[in-house]
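Before any comments, here is the structure.
The values are calculated or read from the model by the stated rules, or taken from the named source; none is laboratory data. These numbers were taken from a predicted model, which means no experiment stands behind them. Counting neighbours? That spans all protein chains shown, and the Cβs are built from the backbone with ideal geometry, glycine included.
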Amino acid sequence: MILATVLTLACAVTAPNGTTAADDNQSSSYGTRQLSTLLWPEGTIEFRPGGPGFRTRDDALGMKFPWWRGDGVRGHLRIEGRRLDGVAPSLRSEFTDYGDRGFQATYIIFPTPGCWKVTGRAGDASITFVTNVVRIGAGPAWLREPRYR
């Protein structure tokens, strides 16, 4: 009889801190008064049939994320990230640039499920969070052709 041991590393997800760069703090807000976003419940983004998000032709998983730049923060939003629990290409982001201040809607596209560290930057402001990306079954039905940024 052969016994196999599998080591599973827990994903130490970031909890919301209730701080936002916008005027309306929400319980799922995370960031600073300079830059903020919203985090998913329990720190996990679930891509499931009938659920939100999309798949790409290369089987990556995309989800919408809102971002806010606070008063006095000027700069175009940049998003980068990497998988912490395995080897994967860097994440991608896609958005129509709304300018260098205020609100910015984005898609973050994760090449694989797993534990991801995401950093957003605008001007001198930045925030970093960790989220767990989970695919259930085939994932969402929406198959989208993204524009990569």
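Residues that are over 19 Å from E46 (Cα atoms) and modelled with pLDDT of 95 or more within region 104-149 comprise Q104, A105, T119, G120, R121, A122, G123, D124, A125, S126, I127, T128, listed in sequence order. Of all residues in region 89-144, those satisfying the criterion of being farther than 19 Å from R33 by Cα and of a type in the set (G, A, S) are S90, S93, G114, G137, A138, G139, A141. Taking the criterion of being within 16 Å of the chain's Cα centre (by Cα), surrounded by 14 or more Cβ atoms within 10 Å (Cβ to Cβ) and outside any strand (DSSP E or B), the residues of region 92-148 that qualify are F95, P111, T112, P113, P146. Restricting P66, P49, P41 to those that are under 13 Å from the mean Cα position of the chain (by Cα) and surrounded by fewer than 12 Cβ atoms within 10 Å (Cβ to Cβ) reduces the list to P41.
How about region 59-83: which of its residues are under 15 Å from I108 (Cβ atoms) and either outside any strand (DSSP E or B) or in contact with a helix residue (DSSP H, G or I) (Cβ under 7 Å, 6 or more places away or on another chain) (or both)? Scanning region 59-83 gives A60, L77.
Against the definition (closer than 23 Å to G43 by Cα, without any contact (Cβ under 8 Å) to a residue 60 or more places away in the chain, touching an Asp or Glu at 6+ places or on another chain (Cβ under 9 Å) and not aromatic (F, W, Y)), how does T56 come out, yes or no? So T56 does not fit the description; no.
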